[in-house]
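Let me begin by presenting the structure, written as structure tokens, before commenting on it.
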Amino acid sequence: MIFRNFFFATLLISSLNNYSQNKIPVKDSLSIMKVMSLQQDAWNKGDIDSFMQGYLKSDELVFSGKSGPVYGWENTKKRYYSSYPNTKIMGKLNFTIKKIRSLSSNSAYLIGEYYLKRSGEDSNGHFTLLWKKIDSNWLIVSDHTSAVK
């Protein structure tokens, strides 16, 4: 019994040490969560233009989905307008954030899930976002989204 408790305590301490090495500062985490919240609200209002403000406005932006990568902010915006031409198809979006980790002082990644409630068929899936801090603002530079349904 003592060995078992020691093993679990060692495993827990090891996990906490690994966690703290990539832990993102609270201020940065809150800034990223604010962008996610603004995107969710914009989507639920049918406002793709405001939703796009969470992305880096650059040709370096990449969105990867089932049709492969789309490069650039303008092309990503066009993809959203083409895929979601009206609020009925857009539905109501809900994000669930699973993990945010720091890669450096000005970069991070976020893993989450999305759920789209629609009058027709609902959609849900997973996403990984790479973030870059530019002039104190956190912006998405890479979005990989995979639909489950």
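The values are calculated or read from the model by the stated rules, or taken from the named source; none is laboratory data. Because the structure is a prediction, the values reported are computed rather than measured. Neighbour counts run over all protein chains shown; Cβ positions are idealised from the backbone, glycine included.
Observations
- Pairing residues of region 72-97 that are over 22 Å from Val141 (Cβ atoms) and free of Cβ contacts under 8 Å to residues at least 40 places away in the same chain with residues that are of a type in the set (D, E, K, R) and part of a strand (DSSP E or B), at Cβ distances under 6 Å and at least 6 apart in sequence or on separate chains, gives Gly91/Lys117.
- Failed condition for Thr96, given (1) surrounded by 14 or more Cβ atoms within 10 Å (Cβ to Cβ); (2) polar (S, T, N, Q); (3) within 21 Å of Ser31 (Cα to Cα): (1)
- Every listed requirement among (1) over 21 Å from Gly68 (Cα atoms); (2) buried (at least 17 other Cβ atoms within 10 Å of the Cβ); (3) free of Cβ contacts under 8 Å to residues at least 40 places away in the same chain is met by Trp138 save one, (3).
- Flag for Ser83 being polar (S, T, N, Q), surrounded by 14 or more Cβ atoms within 10 Å (Cβ to Cβ) and more than 21 Å from Asp135 (Cβ to Cβ): no
- Which listed residue, of Glu74, Glu60, is modelled with pLDDT of 95 or more, over 15 Å from the mean Cα position of the chain (by Cα) and in a helix (DSSP H, G or I): Glu74
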